[in-house]
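*Asks:* Structure incoming, see below.
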Amino acid sequence: MIQVLIADDHAIIRDGLKQIISFVPNMEVVGEAGDGEEVLQKIRSLKVDVLVLDMSMPGKSGIALIQQITAVKPELPILVLSMHQESQYAVQAMRAGASGYITKNTASSQLIDGIRKVAEGGTFVSPGISDKLIKQMHKPETELPHTKLTAREFQIFNMLVEGHSVNDIANILSLSNKTISTHKAAVLQKMEASTTANLVYYAMKHGLINEGYD
């Protein structure tokens, strides 16, 4: 029996995922979480074979949360569920420790295939972005400026282009304003940008910006 923990801040999505999994033999949902702190609590207290994780939730989220989870339970397969269809998000998630990455427009059958694959120790990526991901992984790291960013810098880059201030990001990630400012300066330097507006323009040009949150 594959025991699944679902982490998403939207109850309606959690309910939908639970319903899909309930019809699958040898698979069950053993718990759910609505924010990053609850995810960390549940993986410590429950027997979980696969974590289906939303990339963006209140509090701890995204790349930082994946890194924390892998630090606590490195053997736990993480299947990321995200609205982001740009391959760079998948690259960063996999580098942070995720075993799979699927988008929220993926068919339910692909979700089940993904859960099974990562539970068996494999990797799984949505068919819609798999080709792009392979091309991205084979691109020279110097081809596009955003590929030079570390996982943390890419996370902060995303939050900046979504309109968060340095203070907002510091509060969300539980880091100091000074630390975020240092990361922001590194992002601007690597992206050869002088302002956040330049970052937003770059993100729009390269399909890295979305009109909402997961």
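The values are calculated or read from the model by the stated rules, or taken from the named source; none is laboratory data. Given the structure is predicted, the values throughout are model-derived calculations rather than measurements. Neighbour counts are summed over all protein chains in view; Cβ atoms, including those assigned to glycine, are modelled from backbone coordinates with ideal geometry.
*Asks:* Please specify each residue of the range 120-157 satisfying the condition of being at pLDDT 70 or above and surrounded by fewer than 19 Cβ atoms within 10 Å (Cβ to Cβ).
*Replies:* Passing the criteria: E120, G121, G122, T123, P127, L144, P145, T147, K148, T150, A151.
*Asks:* Another one. Could you tell me which of the residues Q19, Q88, Q3 is part of a helix (DSSP H, G or I) and out of contact with any His (no Cβ under 7 Å at 6 or more places or on another chain)?
*Replies:* When all the criteria are applied, what remains is Q19.
*Asks:* So which helices (runs of 4 or more DSSP H) are wholly in the range 143-196 and hold at least 2 residues that are closer than 19 Å to R95 by Cα and within 18 Å of the chain's Cα centre (by Cα)? Before the answer, list the steps.
*Replies:* Values: elements: 151-161, 166-173, 177-190.
The qualifying helices (runs of 4 or more DSSP H) are 151-161.
Yes/no matrix, rows are residues, columns are (1) surrounded by fewer than 19 Cβ atoms within 10 Å (Cβ to Cβ); (2) touching a Phe, Trp or Tyr at 6+ places or on another chain (Cβ under 9 Å); (3) closer than 22 Å to M159 by Cα:
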| site | (1), (2), (3) |
| --- | --- |
| V4 | no, no, no |
| R14 | no, no, no |
| Q19 | yes, no, no |
| V24 | yes, no, no |
| E37 | yes, no, yes |
| Q41 | yes, no, no |
| K47 | yes, no, no |
| D54 | no, no, yes |
